[in-house]
Amino acid sequence: MRHYAILRILLAGFFLYFAWPIIPEAVTQIEFIFWGGWLAFFLLVIGSNFATLLQMTSPPVMEQERTRERQTLNH
């Protein structure tokens, strides 16, 4: 289900759109640590969803398509 990965990438981009103007205003070291961690998490989210889109990894279990197989009794 590629559309979930695309939606997560778009949501992360939306959050970055609002955070980007505030990041340069960081003055204290705790603010730098926070925004550095935030950007690292952002890159992890983007990277993992691109890996799912490019089918480098399998999608999460909840998003995998189930194939229904007919169960037969073999005695």
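The values are calculated or read from the model by the stated rules, or taken from the named source; none is laboratory data. All values derive from a computational prediction rather than experimental measurement. Note: areas computed on protein heavy atoms with side chains; ligands, DNA, RNA excluded. Shrake-Rupley method; radii C 1.70, N 1.55, O 1.52, S 1.80 Å.
For the chain, what's the relative contact order in percent, using C-alpha pairs closer than 8 Å and at least 6 residues apart?
Values: 24 pairs, mean separation 37.9, N = 75.
Relative contact order, the chain: 51 percent.
What does the accessible area per residue of the chain come to in Å², with a 1.4 Å probe and no ligands, DNA or RNA counted?
Numbers: 6910 Å² over 75 residues.
For the chain, the per-residue accessible area is 92 Å².
If you line up the long axis of helix 2-19 against the longest principal axis of the chain, both from Cα atoms, how many degrees apart are they, to the nearest 10?
On a 0 to 90 degree scale, this one is about 10.
I'd like the Karplus ³J(HN,Hα) series for the stretch 33-42: coefficients 6.51, -1.76, 1.60, θ = phi - 60°, whole numbers in Hz, and an x wherever there's a Gly or Pro.
5, 4, 5, x, x, 5, 5, 5, 5, 4
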